């Protein structure tokens, strides 16, 4: 079952000035099933990626804007 929430994201940034809808999917590293997602708005891809870097905490994830995959991250192990 996929859980979702919509946390507040700071507005503004260096994008277009128009907020876009994004969704960050957290993936199970073994089989790439979606375990959790965040829906949020950002002022362009760059701002969305920066926001997701903090949220994902080393977990495997994919960032989507509508039907377009913006970025994918693999699981990073703690050292």
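The values are calculated or read from the model by the stated rules, or taken from the named source; none is laboratory data. A quick note: this is a predicted structure, and the numbers were derived from the prediction, not measured. In this analysis, Cβ positions are derived from the backbone assuming ideal geometry, glycine residues included, and neighbour counts consider all displayed protein chains.
Checking each residue in the stretch 40-71 for being surrounded by 13 or more Cβ atoms within 10 Å (Cβ to Cβ) and part of a strand (DSSP E or B) picks out 40, 41, 42, 61, 62, 63, 64, 65, 70, 71.
Before we move on, is residue 59 touching a strand residue (DSSP E or B) at 6+ places or on another chain (Cβ under 7 Å) and at pLDDT below 90? So residue 59 passes the test.
Counting only residues that are in a strand (DSSP E or B), under 14 Å from residue 72 (Cα atoms) and modelled with pLDDT under 90, the stretch 4-39 holds 1 of them.
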